[in-house]
1. Mind checking which pairs have a first residue in region 390-414 that is more than 16 Å from the ligand (Cβ to nearest atom) and at pLDDT 95 or above and a second that is open to solvent by 20 Å² or more (accessible area, probe 1.4 Å) and β-branched (Val, Ile, Thr), Cβ under 7 Å, 6 or more apart or different chains?
2. Starting from residues that are among the aliphatic types (A, V, I, L, M) and assigned to a strand (DSSP E or B), keep the ones in region 415-438 and report whichever is farthest from the ligand (Cβ to nearest atom).
3. Looking only at region 396-414, decide whether some residue is basic (Lys, Arg), surrounded by fewer than 22 Cβ atoms within 10 Å (Cβ to Cβ), over 14 Å from the mean Cα position of the chain (by Cα) and within 21 Å of Ala334 (Cα to Cα).
4. Of the numbered conditions (1) surrounded by fewer than 23 Cβ atoms within 10 Å (Cβ to Cβ); (2) in contact with a Phe, Trp or Tyr (Cβ under 9 Å, 6 or more places away or on another chain), Asp111 fails exactly one; give the number of that condition.
5. What tally of residues in region 225-240 results from selecting those that are within 24 Å of Asn359 (Cβ to Cβ) and either in a loop (DSSP other than H, G, I, E, B) or within 16 Å of the ligand (Cβ to nearest atom) (or both)?
6. So Ala157 clears everything in (1) closer than 28 Å to Leu285 by Cβ; (2) touching an Asp or Glu at 6+ places or on another chain (Cβ under 8 Å); (3) in a loop (DSSP other than H, G, I, E, B) except one condition, right? Which one?
7. Pick from Val288, Val305, Val373, Val355: which is open to solvent by less than 20 Å² (accessible area, probe 1.4 Å), more than 16 Å from the ligand (Cβ to nearest atom) and touching a Phe, Trp or Tyr at 6+ places or on another chain (Cβ under 6 Å)?
8. So, in region 121-141, of the ones that are touching a Lys or Arg at 6+ places or on another chain (Cβ under 9 Å) and within 16 Å of the ligand (Cβ to nearest atom), which residue ends up most open to solvent (accessible area, probe 1.4 Å)?
Amino acid sequence: MSASVARSTPPERHFSDSFTWGVSTAAYQIEGAFDQGGRGPSIWDVFSHTPGKTARGDNGDVACDHYNRWREDLELLRELGIGAYRFSVAWPRWSPAGNGRVNPEGCEFYDRLVDGLLDIGVAPWLCLYHWDLPQALQERGGWADRDVVERFSDHAASVMAVLGDRVEHVALLNEPNVVGLLGHLLGLHAPGLSDLDAYAAATHHLNLATGKTLDRLRREGRGWALGTILNLQPVLAQGDSEDDAAAAALLDAVWNGNHLDPLVSGRYPAATEALLERFVREGDLESVKRPLDWFGLNLYSQLRVAADPSSLVGLRLVEPPEEAETTAMGWEVAPEALSRQLKEAQARLGEVPIVVTENGAAYRDRPGPDLEVDDLRRTNYLERHVREVLSAREAGVDVRGYFVWSLLDNFEWHEGYARRFGLVYVDYPTQRRVPKRSFRWYQQLVRSGVIPRSEDVA
Ligand code: FCB
């Protein structure tokens, strides 16, 4: 075949073998075993056991019992055929009081998990913080206390000293904006604060912890691919008025800018600078501005906002229009937000490769008699989002991977167990796992590199 013919033949595959397909999970959402193996309490144990904080009082005591069933869960990963698995290390399992004293049983758990992944040819992508701060550190101020920056760096170094000979991809923090806003300002997540100062302090300390820990791990010269994960979303103004545009710009600064701006430009957005700078010491922002080896984007939807003079902050979130499709979370299904956000992130980050580290949807799955779930809507959501990844790649965005949230139905934070995001249905009373239609769809995609039509997969 001549070269010119080869060039004009449309590629059969949408994605080449070098593209990373994965699924993501987080320790508190799946592990359970809250009092097993020497684990200490985390802020999520305390928060979820506080009456009124989570839907129906759900908590992560048992969750998917992954701590005891991880071998079965690795079998699912093998069956799915993916190349990478993103999980988080529970800080209070590793170091129960968060003071650096290590719990050998905790280390052994992750040690075996990493070996088990490598045995089945799945690359471990390790996230160092997915929201379960040791309660002992919260009692000293948590993320609002500057000392946490050192504690986190020490913890990261301790984990990597044990697992770093087998783990290459490391994410420092998962969604610091959600930790700051939902945990410290809106009181919806642990530690359940509604305190502007705590929010501002935590926001800055999360950024500082990212920069300092990157330096610390880089100094070890072990060649790890170090990245961090932000939840970014396009913010749409409700109307054409200047006030709505200003409200959108403010929310964009708070949601997206407070963590992306210091990382890429060493500055806080003009709109939030005055609030945050009280916690900034000389040299801090220089150590936050760091090139990453890769950037993790979590994206589910987009935000809509309008000016509202009666609200404390002058704006309010607007519900999606009536005709819009939404998931069980009430989040608008907006696949085009993914390609848009990928392009915008790439423009800000320069040459840094991007990985979609979370994308997925909760629906009210209705299992059949043998617990089979025909989740066409989730499958379709995923199909449309993966098509947007493809279009972003075609537009020149360096997207290197895509991870579905999540492998299993799990504890969805303050929303509890009723919000199911899994490719695999979990029957909580029996802990039986049953792959859904979306699992089979993803399996085909991963195997072939071609995006299957959701309707064609039974
Ligand atoms: C993200 C979280 C993840 C999960 C999904 C639905 O914000 O990182 O743990 O809860 O939302």
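1. Close Cβ pairs (under 7 Å, with a partner that is open to solvent by 20 Å² or more (accessible area, probe 1.4 Å) and β-branched (Val, Ile, Thr)) amount to Arg400/Thr20; Gly401/Thr20.
2. Within region 415-438, the match that is farthest from the ligand (Cβ to nearest atom) is Val434.
3. no
4. (2)
5. Looking only at region 225-240, we keep the residues that are within 24 Å of Asn359 (Cβ to Cβ), and these are 225-236.
Next cut, either in a loop (DSSP other than H, G, I, E, B) or within 16 Å of the ligand (Cβ to nearest atom) (or both) only: 227-234.
So the count comes out to 8.
6. (3)
7. Val373
8. If we take residues in region 121-141 being touching a Lys or Arg at 6+ places or on another chain (Cβ under 9 Å) and within 16 Å of the ligand (Cβ to nearest atom), then Trp125 is most open to solvent (accessible area, probe 1.4 Å).
The values are calculated or read from the model by the stated rules, or taken from the named source; none is laboratory data. Computed from a predicted model, the values in this text were never measured in an experiment. Counting neighbours? That spans all protein chains shown, and the Cβs are built from the backbone with ideal geometry, glycine included. Keep in mind that these areas ignore ligands, DNA and RNA; they rest on the heavy atoms of the full protein, side chains included. Shrake-Rupley method; radii C 1.70, N 1.55, O 1.52, S 1.80 Å.
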